[in-house]
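J.: Just passing along the structure, written as structure tokens.
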Amino acid sequence: MDARINYFGNALAGKVMRHLNSAASVVHSALPAATVELVNIRASQINGCGFCTDMHTKDAIAAGEDQQRLNLVAAWREATVFTDAERAALELAEQGTRTADAANGVSDEAWANAAKHYDEDQLAALISLIAVINAYNRINIINQQPAGGYKPGMFG
């Protein structure tokens, strides 16, 4: 399996990725690392982005995340291993990723629940995180970027 183009080696794509990576860096500084990876994994699962699911799962493990929690991300509603704040972030990630599936976008209930656990800067970071991971997912899906070969830290 090969990617359609060498996106990571393309000069124009490199410029785009530097901007996305800069945005991601800002977001990461405002949220707990575990929350960032859980949101990234869940959005990537929903979008069917194997590359990002592989990357963020491996990054989470390298950062000390518990394997059981990672195994349960897709079934977080029934899992008892996530905090209320993480559950609120996962719900926001799901609704923010599945915008085409819901005529009303993100529900007031999901937003209010997230607002109980995160301050305004963190909410701005969550909105941005969800937007950025969805952009990464789309790049990798369109390019058919193969999954499985990511090594933690390989991008810096």
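J.: What angle, in degrees between 0 and 90 and rounded to the nearest 10, separates the Cα long axis of helix 84-97 from the longest principal axis of the Cα atoms of the chain?
T.: 50
J.: Let me ask another. Can you compute the charge dipole magnitude of segment 40-156 about its Cα centre, using +1 on each Lys and Arg Cβ and -1 on each Asp and Glu Cβ, nothing else charged? Give it in debye, rounded to the nearest 20.
T.: Numbers: 9 positive and 15 negative charges, 98 e Å.
With Lys and Arg at +1 and Asp and Glu at -1, about 480 debye.
J.: Take residue 147 and residue 1, extend 7 Å from each Cα along the Cα→Cβ direction, and tell me the distance between the two endpoints in nm.
T.: 0.7
J.: How large is the dipole of segment 9-73 about the Cα centre if only Lys and Arg carry +1 and Asp and Glu carry -1, each at its Cβ, rounded to the nearest 20 debye?
T.: The dipole magnitude comes to about 240 debye.
J.: Another one. Given a 1.4 Å probe and every protein chain left where it sits, what share in percent of the accessible area of segment 24-114 is carbon and sulfur?
T.: C and S fraction of accessible area: 51 percent.
J.: For the chain, what value does the Rg/Rh ratio take when both radii are computed over Cα atoms and Rh is the Kirkwood radius, given to two decimals?
T.: Using Cα coordinates only, the ratio equals 0.95.
J.: Between residue 74 and residue 124, what is the label-to-label distance in nm when each label sits 7 Å out along the Cα-to-Cβ direction?
T.: 3.6
J.: Related question: Where only protein heavy atoms count, and the probe is 1.4 Å, what is the accessible area per residue for the chain in Å²?
T.: Result: 54 Å² of accessible area for each residue.
J.: Below 28 Å, Cα to Cα, which lysines can residue 151 reach? Residues fewer than 8 away in the same chain don't count.
T.: Hits, sequence-local ones excluded: 15, 58.
J.: What residue among 144, 67, 95 shows peak mean-square fluctuation when the chain is described by a Gaussian network model with Cα springs under 10 Å?
T.: 67
J.: Here is a further query. Compute the angle between helix 33-47 and the longest alpha-carbon principal axis of the chain, please, reported from 0 to 90 degrees and rounded to the nearest 10.
T.: For 33-47 against the chain, the angle is about 70 degrees.
The values are calculated or read from the model by the stated rules, or taken from the named source; none is laboratory data. Treat the numbers as computed from the prediction; the structure is a model and nothing was measured. Here Cβ is always computed from backbone atoms with ideal geometry, including for glycine, and neighbour counts include all displayed protein chains. The area values use the complete protein model at the heavy-atom level, side chains included, leaving out ligands, DNA and RNA. Shrake-Rupley method; radii C 1.70, N 1.55, O 1.52, S 1.80 Å.
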